[in-house]
Amino acid sequence: MDTRGLTIHSVENAQGFELGPSDPILGAPLRIRLRDSVDSVTVRYSTSPSASGLQWLDPPQTAGKRHPFLYTQSQAIHARSWIPLQDTPGVRVTFTATVHTPDGLAAAMGAGRRNGTFHMEHPVPSYLIALAAGDLAFRPLGPRSGVYAEPALLPAAAREFEDTELMIAAVEEMYGPYRWGRYDLLVLPPSFPFGGMENPCLTFTTPTILAGDKSLVSLVAHELAHSWSGNLVTNATWSDFWLNEGFTVYLERRILEKVYGRDRAEMEAVLARRELDREMAQLAPADCRLHLDLAGRDPDDGCTLVPYEKGALLLRTIEQSVGRPRFDAFLRSYFDHFAFRSITTAEFLDYLRRELPNPVPVEDWIFQPGIPEGAAEPHSDAFARAGTGWPSDTSRWSTQEWLHFLRLQNPPDMPRLDREFRPTQSGNSEILHQWLLMAVKTGYRPAYPKLEEFLCSVGRRKFLKPLYTALMETAEGRELARRIYARARPGYHPIAQATIDAVMG
Ligand code: BES
Ligand code: ZN
């Protein structure tokens, strides 16, 4: 079994056990010698306070400020820091869990619940095992969906996520039944290092998507889509990560299109297409392949926009080449064929060749860097209509139009933008982040108090990394970054700490 930072107290019903030498990335192997004809052992162990897969929050880090909070984050290989197990997505397990919590605090798991016990009856990979405990309240969203959050956030969360049932119905219509029973969401405190995590039956989300106008719910579409791409059909190794994320981004946009219309889906696709180019320009060519070489590396390093957006673009290109009806039929049969299994890129390729011959140079997409010729090109009429000049009427602009407009400013007239549109006051985390990034890059001081507040209250890695990276580019910025980070770091999740430690050098 894999372990990292676990103290093993005993292994019962075994002939013996030993904990091997510890590797900085992989941790220490727990080797158990089984007795003849024995098929179960009991491992008694405890976790360490610095476990990379756990975040223990003090009351001030929660919305209610009165109770502590605990949550897990197992992807990619952090499950081993809180459970000894075979921690690879190529191995699947069922599980049962009994969780004891202090009085007044509730536990939730990515699993079904019967008589106070959690059960996962479908075999799942270890990275999907998840637990949270804190002052959690629940409100239903539909017959098989609901939301957990701290009581203070519950009304806003329920409003933001009110389209969840529509989204489930949208995927089911395209790609077959939802096979996990319930679909609930859990809103975590703001230090959660990701936007969302597709734990089965219970998506974990950052509270930074509670914008008040459903403008950031593509994240719900994304995590829900993983119930097919990822949780049902799983990447067998982290080199095949694009099978999880590329398929999921493709499905996410299809859900958005069905629930909110084509314009919304296309705006998001165009924004992401630009970000993909921007990121690929910074990456080593080898990391611009869909199939990743992770030898000797932490699999978390493979988490760039390439598996997400290049992966989704490949699927969109195939869709364009064979037509949507044929591509949808293919995807539906793919999910059925490989349901509850972990597969490699090679198995996908075999299946694609057999079931959907097409002229797209799929192997170039997967094994070569860059975007091959003939790639589909997303297009947004709304963005095209807005043009590139100063806007005259922004009263009906969506979040996506704001992001597009702000990213086009080169160089931005920061005082004028601030005066006319008040982005420093924006309650939308994506708009605020974009604006703060521009403020750092241009040295726009009036936004710095807000920058500091943002960095000290939000732990979402996607927001932190670009801001700290940009700060580190000037001497003045470095000083500010060090000062802010010294204050903010204790509140960040271990995964975010590791990322920002690397940025700070
Ligand atoms: N499964 C990922 C999160 C993840 C990836 C955690 C790799 C650890 C290692 C999740 O589905 C995801 O992709 N989240 C994105 C949001 C999404 C809308 C692109 C995120 O957190 O930013
Ligand atoms: Zn994802």
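The set of residues in region 194-234 that are of a type in the set (A, V, I, L, M, F, W, C) and within 13 Å of ligand 2 (Cβ to nearest atom) comprises 194, 197, 204, 219, 220, 221, 224, 225, 228.
One line per residue, one yes/no per condition, for (1) small (Gly, Ala, Ser); (2) modelled with pLDDT under 95; (3) closer than 25 Å to residue 213 by Cβ:
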{"site": "408", "(1), (2), (3)": "no, no, yes"}
{"site": "418", "(1), (2), (3)": "no, no, yes"}
{"site": "440", "(1), (2), (3)": "no, no, no"}
{"site": "452", "(1), (2), (3)": "no, no, no"}
{"site": "460", "(1), (2), (3)": "no, no, yes"}
{"site": "470", "(1), (2), (3)": "yes, no, no"}
{"site": "476", "(1), (2), (3)": "no, no, no"}
{"site": "482", "(1), (2), (3)": "no, no, no"}
{"site": "487", "(1), (2), (3)": "no, no, no"}
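Taking only region 235-276 into account, find how many residues are away from ligand 2 (no atom under 14 Å from the Cβ), closer than 25 Å to residue 367 by Cα and among the small types (Gly, Ala, Ser). Count: 3.
What are the residues in region 33-72 that are assigned to a strand (DSSP E or B), open to solvent by 20 Å² or more (accessible area, probe 1.4 Å) and under 16 Å from residue 7 (Cβ atoms), if any?
Passing the criteria: 42, 43, 44, 45, 46.
If the condition is being closer than 24 Å to residue 25 by Cα and not in a loop (DSSP other than H, G, I, E, B), then region 73-96 contributes 79, 80, 81, 85, 92, 93. If the condition is being closer than 25 Å to residue 257 by Cβ and in contact (Cβ under 8 Å) with a residue 12 or more places away in the chain, then region 379-398 contributes 379, 380, 381, 382, 383, 386, 394, 398.
Considering region 130-153, the residues that are in contact (Cβ under 8 Å) with a residue 60 or more places away in the chain and farther than 17 Å from residue 207 by Cα include one that is surrounded by the fewest Cβ atoms within 10 Å (Cβ to Cβ), namely 131. For region 235-249, a residue qualifies if it is open to solvent by less than 10 Å² (accessible area, probe 1.4 Å) and of a type in the set (Ser, Thr, Tyr), and exactly one does: 248.
Of all residues in region 257-290, which are open to solvent by 60 Å² or more (accessible area, probe 1.4 Å) and either within 16 Å of ligand 1 (Cβ to nearest atom) or part of a helix (DSSP H, G or I) (or both)? Correct list: 258, 260, 262, 263, 274, 277, 278, 281, 282, 285. Does residue 341 count as over 23 Å from the mean Cα position of the chain (by Cα) and open to solvent by 50 Å² or more (accessible area, probe 1.4 Å)? In short, no.
For the structure I just gave you, tell me whether residue 312 is crowded, with 20+ Cβ neighbours inside 10 Å and within 16 Å of ligand 2 (Cβ to nearest atom). Before you say what the answer is, go through the steps one by one.
Working: crowded, with 20+ Cβ neighbours inside 10 Å: yes; within 16 Å of ligand 2 (Cβ to nearest atom): yes.
Criteria met by residue 312.
Of these, 88, 98, 94, which one is β-branched (Val, Ile, Thr) and out of contact with any Asp or Glu (no Cβ under 9 Å at 6 or more places or on another chain)?
Just a single option satisfies the conditions, and that option is 98.
For every residue, the table says whether it meets (1) in a loop (DSSP other than H, G, I, E, B); (2) closer than 23 Å to residue 180 by Cβ; (3) at pLDDT 95 or above.
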| residue | (1), (2), (3) |
| --- | --- |
| 327 | no, no, yes |
| 332 | no, yes, yes |
| 336 | no, yes, yes |
| 339 | yes, yes, yes |
| 342 | no, yes, yes |
| 350 | no, no, yes |
| 360 | yes, no, yes |
| 365 | no, no, yes |
| 374 | yes, no, yes |
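For residue 393, the conditions (1) modelled with pLDDT of 95 or more; (2) out of contact with any Lys or Arg (no Cβ under 6 Å at 6 or more places or on another chain); (3) farther than 28 Å from residue 190 by Cβ all hold with the exception of (1). In region 176-191, is there at least one residue being small (Gly, Ala, Ser), within 16 Å of the chain's Cα centre (by Cα) and more than 16 Å from ligand 2 (Cβ to nearest atom)? The answer is yes; a qualifying residue exists. Scanning region 97-114 for residues that are in contact with a Ser or Thr (Cβ under 8 Å, 6 or more places away or on another chain) and over 21 Å from residue 183 (Cβ atoms) yields a single hit, 98. Annotation: residue 223 fulfils all but one of (1) more than 13 Å from ligand 1 (Cβ to nearest atom); (2) acidic (Asp, Glu); (3) within 21 Å of residue 202 (Cα to Cα); the unmet one is (1).
Go through region 219-247 and count every residue that is without any contact (Cβ under 8 Å) to a residue 60 or more places away in the chain and in contact with a helix residue (DSSP H, G or I) (Cβ under 6 Å, 6 or more places away or on another chain). Qualifying residue count for the region: 6.
Selection of region 100-125 for residues being surrounded by 14 or more Cβ atoms within 10 Å (Cβ to Cβ), over 19 Å from the mean Cα position of the chain (by Cα) and outside any strand (DSSP E or B) yields only 105.
If I ask for residues that are among the hydrophobic types (A, V, I, L, M, F, W, C) and open to solvent by 50 Å² or more (accessible area, probe 1.4 Å), which ones from region 154-167 would you list? Don't jump to the end; show me each part of the working.
Filtering region 154-167 for residues among the hydrophobic types (A, V, I, L, M, F, W, C) gives 154, 156-158, 161, 166-167.
Listed by number, the list holds a single entry, 166.
Those helices (runs of 4 or more DSSP H) of region 384-502 in which 3 or more residues are open to solvent by 70 Å² or more (accessible area, probe 1.4 Å) occupy 414-421, 475-488.
The values are calculated or read from the model by the stated rules, or taken from the named source; none is laboratory data. As the structure is a prediction and not an experimental result, all values here were calculated from the model. Glycine gets a Cβ as well: all are built from the backbone with ideal geometry, and neighbour counts include every protein chain shown. Surface accessibility is based on the protein's heavy atoms, side chains included, excluding ligands, DNA and RNA. Shrake-Rupley method; radii C 1.70, N 1.55, O 1.52, S 1.80 Å.
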